[in-house]
1. Dipole of the chain, Cα-centred, from +1 at each Lys and Arg C-beta and -1 at each Asp and Glu C-beta, to the nearest 20 debye?
2. Using alpha carbons only, how many degrees (0 to 90, rounded to 10) separate the axis of helix 4-18 from the longest principal axis of the chain?
3. For semi-axes √(5λ) of the Cα gyration tensor in Å, pick the label among (i) 58, 14, 9; (ii) 36, 26, 20; (iii) 24, 18, 15 that corresponds to the value derived from the coordinates.
4. Which one, Leu73, Tyr101, Leu119, projects farthest toward the positive side of the charge dipole computed for segment 4-133 from Cβ point charges (K/R +1, D/E -1)?
5. Would you list, by chain and number, the lysines whose Cα falls below 20 Å from the Cα of Lys18, excluding same-chain residues fewer than 8 positions away?
Amino acid sequence: MLDNNKIKLMTKLAIYEKNEGQEDIKLSKYYKMDFVRYQVLKSIVSVTVSYLLVLVIVAFYKSEYLIQEAVKLDYKAIGSTVLGIYIIILTVYVLGSVIGYSFKFDLSRKRLFKYRKNLKKLRQFYHNEENELK
């Protein structure tokens with residue numbers, strides 16, 4: 001016998017599993033702090049590599065000036081400016097990563113909680129059908 005409530009519940013579960021469920025299930029293997037730390041580490045590496053690439057591009061672009069003024073340049077001021085900008089950019093990205101990935105993890109947990117709740121309801125439907133058949 002077909003039960004419309006059971007069909008609706010199974011459809012909800014299938015849609016969830018197909019869409020965001022796969023990622024949520026992967027995230028469920030992590031503790032929140034481990035997941036956030038891993039994402040922050042990836043952000044730090046990405047920002048560092050990107051910043052170094054930008055510095056190399058700027059150095060190539062300004063290479064003629066750098067070669068002509070190599071003796072006159074204040075390397076200490078240039079280094080402190082470059083380092084200061086790097087620290088500011090890195091801080092912004094780390095804070096953004098912590099906030100963003102914490103929020104993502106929390107939303108994932110809420111969706112998983114609803115998913116598990118719906119699975120329990122579906123299990124209850126099957127359990128009730130078994131009892132009716134006996």
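1. Values: 23 positive and 13 negative charges, 152 e Å.
Approximately 720 debye in magnitude.
2. Result, in degrees: 20.
3. The value computed from this structure is option (i).
4. Sorting the options by dipole projection puts first Leu119.
5. The reachable lysines, counting only those whose Cα sits under 20 Å from Lys18, are Lys6, Lys8, Lys26, Lys29, Lys104, Lys110, Lys114, Lys117, Lys120, Lys121.
Laboratory data are not the source of any read-out in this text; all were calculated from the coordinates shown. These figures come from a predicted structure and were not determined experimentally. Because the Cβ atoms are built from the backbone with ideal geometry, glycine has one as well, and the counts that use them run over all protein chains shown.
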